[in-house]
Amino acid sequence: AELFAAMDRENRERADLSAWEQGTMYLRALEENMFPSQRKLAEALGVSHTWVRKAITVAELPEYILQCFRSPLE
């Protein structure tokens, strides 16, 4: 969990990281039980629960929506 938090801080400093990428990372961390909830994840990362929820919402967009973009990174 500590390594994930450090990686997240580093990634958020990058200007080119998309909400989809961020949300995908958050989902993976939750699926792998690194954190028991979105709220605990947000607390560990020092970000708002709203930011985590919004990023995860973007990562969970249906495939047919993602296909409307050249890349989910947009």
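Using only Cα atoms, what Kirkwood radius does the chain have, in angstroms? About 12.6 Å, per the Kirkwood formula over Cα pairs. P(r) tail for the range 1-41: Cα pairs beyond 15 Å make up 38% of the total.
With all protein chains kept in place, the per residue accessible area of the chain amounts to 68 square angstrom at a probe of 1.4 angstrom. Within the assembled protein chains, the solvent-accessible surface assigned to Ser48 is about 60 Å², based on a 1.4 Å probe.
Overall, the accessible surface of the chain at a probe of 1.4 angstrom is composed of carbon and sulfur to the extent of 53 percent.
The simple spin-label model puts a point 7 Å past each Cα toward its Cβ; for Glu10 and Leu66 those points are separated by 2.4 nm.
The values are calculated or read from the model by the stated rules, or taken from the named source; none is laboratory data. Bear in mind the structure is a predicted one, so any value in this text is a computation, not a measurement. Reconstructed Cβ throughout: ideal geometry from the backbone, glycine too, with neighbour counts over all protein chains shown. Protein only, heavy atoms only, side chains kept; ligands, DNA and RNA dropped before computing areas. Shrake-Rupley method; radii C 1.70, N 1.55, O 1.52, S 1.80 Å.
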